[in-house]
Amino acid sequence: YFPDKVEALHARSWNVSYADNYKVVNTFTNVASVHAGSDAEVRPQTYVLVQCGTPVPALEGDLADATVIEIPIATAVDGDDVLFESFEFFGVADGLLGSGGAGLSTVEEPFLPTVFARQESGEMVTLGYETNLEVLTALEPDIYIKSSGEEETLAEVADTLNIPVVIY
C-alpha cells in the first residue's frame, strides 16, 4: 500500500512506522503552544492512518489511545488560521472547509489566492477563535487540525462528533 515511505531524519517531534494497510504516526507536541519553551510539557499523540477501504487494525497496546484517520483525506478544517500556506503550497486548498481565527484580509490575497477565493465565496467558513461545534459538525470534515490547548473541547470533537482531531 505504501511504496513511498518517509522517515524523520532530523526531526524529534514525530516519527512514522508502516504496516500492511496503515501507518502509525507519533507526534510529540508542546502542550502550552507550538512556540513553547523547552520546559513545556510534551504530550505524545498517536495517529493510525488507515488506507481507504481497508480494515482498521486492533487498537490495543501502543495503539490503544490512537486516533484513526482514513486516508487519503479530502477535506479539513484548520482550527487556527496558521496552516493556510501549507494548504496553498501543496495544492490542496480546495479541501479546506473552514478555519478558526478571523479569516484573511485582502493583504493576503496575492499570497493565498485559493484560500482567499474560498473564503470570499463562502466555500470556506470562519469559525472564529472559539471552537464552534455546531458549525464544525455541519461542515463534516475528514479531520480537524488544531494547535494544542482546549483539550476538553478537542476531546469532545473527537468523541462526540466523531471527527478525528490532529493536534500540532
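The values are calculated or read from the model by the stated rules, or taken from the named source; none is laboratory data. Bear in mind the structure is a predicted one, so any value in this text is a computation, not a measurement. Virtual Cβ from ideal backbone geometry, glycine too; neighbours counted across all protein chains shown. The accessibility values were calculated without ligands, DNA or RNA, using every heavy atom of the protein model including side chains. Shrake-Rupley method; radii C 1.70, N 1.55, O 1.52, S 1.80 Å.
Side notes on the structure shown:
- Residues of the stretch 103-118 that are outside any loop (DSSP other than H, G, I, E, B), open to solvent by less than 50 Å² (accessible area, probe 1.4 Å) and small (Gly, Ala, Ser): none at all.
- Restricting attention to the stretch 119-134, the residues that are assigned to a loop (DSSP other than H, G, I, E, B), more than 12 Å from LEU97 (Cα to Cα) and in contact with a helix residue (DSSP H, G or I) (Cβ under 8 Å, 6 or more places away or on another chain) add up to 1.
- The stretch 1-24 residues that are in contact (Cβ under 8 Å) with a residue 40 or more places away in the chain, paired with ones that are of a type in the set (A, V, I, L, M) (beta carbon under 6 Å, 6 or more apart): VAL24/VAL48
- If the condition is being loosely packed, with under 15 Cβ neighbours inside 10 Å and not charged (D, E, K, R), then the stretch 119-134 contributes SER121, GLY122, GLY128, TYR129.
- Any hit, the stretch 68-84, residues being open to solvent by 70 Å² or more (accessible area, probe 1.4 Å), free of Cβ contacts under 8 Å to residues at least 24 places away in the same chain and of a type in the set (Asp, Glu): no
- Qualifying residue in the stretch 42-59 (condition: part of a helix (DSSP H, G or I) and aliphatic (A, V, I, L, M)): no
- VAL56 being hydrophobic (A, V, I, L, M, F, W, C) and within 14 Å of the chain's Cα centre (by Cα): no
- Pair list, Cβ < 7 Å and 6+ apart or interchain, from the stretch 156-168 residues that are closer than 15 Å to LEU49 by Cα and at pLDDT 80 or above to residues that are open to solvent by less than 30 Å² (accessible area, probe 1.4 Å) and part of a loop (DSSP other than H, G, I, E, B): ILE163/PRO141; ILE167/SER148
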